[in-house]
Amino acid sequence: MILIKLGGSVITDKKEYRTFNRDVVSRLCSEIKESGKEVMIVHGAGSFGHILAKKFELNSGFRSDEQIPAVAQVCYDVRELNAMIVNELNSAGIPAISIPPGSCFMMDDRRISFGDGEIIKSLVDKGIMPILFGDVVQDRKHGFAICSGDQIMERLSDIFDFEKVIFVSDIDGLFDDDPKNNPDARLYEYVDADTLESVRSESSVDDVTGGVYEKMKSMMRMTSPHRECILVNGTVAGRLRSALNGEKVICTIARGGIQ
Ligand code: IPE
């Protein structure tokens, strides 16, 4: 089985509140179906989550009652996004069911601390794809916290033995500079812990869960001698399908692992 994260930058316009990239999602669902591979999908929140979460400092945890309506709104918005993605998957012939992390995981100091995956395993056994997503989750220490799709990926890769992990984003991989501002930016084909420390690129949009640096760290934690973890550009037609089929594609491959 292959674990895929559809990043918020590819499924939404991260700068415009609640803008869903339906055409891109529809194409990506078809690519997954055409590959014939057994997959599990997690998606990010993009502009359905980050904008309000940043404005109301939701990742800081409970600070004031004024945050509560924002918690409810973000949970509503990410569930709407999730419903649209589940709908696209079902339309593509992939039976999928929404699993809101806020209802089955608990966090402690911003790390998932509870949730053994029994519900998820039960669905997978029946050939139904569970779809998890970045959400606001109850946190023992902070009241609530943002649970990113990347953290869910890590949790799932502890529970399941995935042969490969694919992060789908709107960039070709990790660059030594921002490719959106610098046309000479160089793509890293491979990244290990040393390369990552030398690049530390910052995200160009408001992102409460850390941008590309945190993503690469998270990717490296998911690699193992028999598991490759790659970052591919989902805005380019066919690239996800090729990556699923094990073909050589433009991407960054995380290797070496870190703790
Ligand atoms: C963020 O999830 C969740 C919320 C802000 C509620 P992610 O961090 O996985 O989302 P993207 O992929 O960066 O948009």
May I ask what percent, to the nearest 5, of DSSP beta bridges between residues of the stretch 96-196 are antiparallel?
70
Pick out, from TYR213, GLY246, LEU174, the residue whose Cα sits farthest towards the positive end of the charge dipole of the chain, with +1 on the Cβ of Lys and Arg and -1 on the Cβ of Asp and Glu.
GLY246
Gaussian network model of the chain, springs between alpha carbon atoms under 10 Å - residue of SER198, SER47, SER148 with greatest fluctuation:
SER198
With a 1.4 Å probe and every protein chain left in place, tell me how much accessible area ILE131 has, in Å² to the nearest 10.
0
Rounded, prolate or oblate, given the Cα gyration tensor of the stretch 111-248, with a/c below 1.5 counting as rounded?
oblate
DSSP-assigned coil residues among trypsin sites (Lys or Arg not before Pro) in the stretch 19-127, each with at most 15 further Cβ atoms within 10 Å:
ARG63, LYS126
Explain nothing, just the number: dipole magnitude of the stretch 69-127 about its Cα centre with +1 on each Lys and Arg Cβ and -1 on each Asp and Glu Cβ, in debye rounded to the nearest 20.
40
Length gained when the stretch ALA83-ASN181 is fully extended (0.36 nm per residue, less Cα-Cα span):
31.9 nm
Residue (of ILE128, CYS75, VAL236) at the positive-pole extreme of the chain, dipole from beta-carbon charges
ILE128
Which GluC sites (Glu not before Pro) in the stretch 57-144 sit in a loop by DSSP (not H, G, I, E or B) and have at most 11 other Cβ atoms within 10 Å of their own Cβ?
GLU66
Of all DSSP beta bridges with both partners in the chain, the antiparallel percent, nearest 5, is 40
Charge dipole (debye, nearest 20) of the chain; +1 at Cβ of Lys and Arg, -1 at Cβ of Asp and Glu
360
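The values are calculated or read from the model by the stated rules, or taken from the named source; none is laboratory data. Owing to the predicted nature of the structure, the values given are computational and were not obtained by experimental measurement. When we count neighbours, we look across all protein chains shown, and the Cβ atoms used for this are built from the backbone with ideal geometry, even at glycine. Each accessible area value is taken on the protein alone, full model and side chains, heavy atoms only, with ligands, DNA and RNA left out. Shrake-Rupley method; radii C 1.70, N 1.55, O 1.52, S 1.80 Å.
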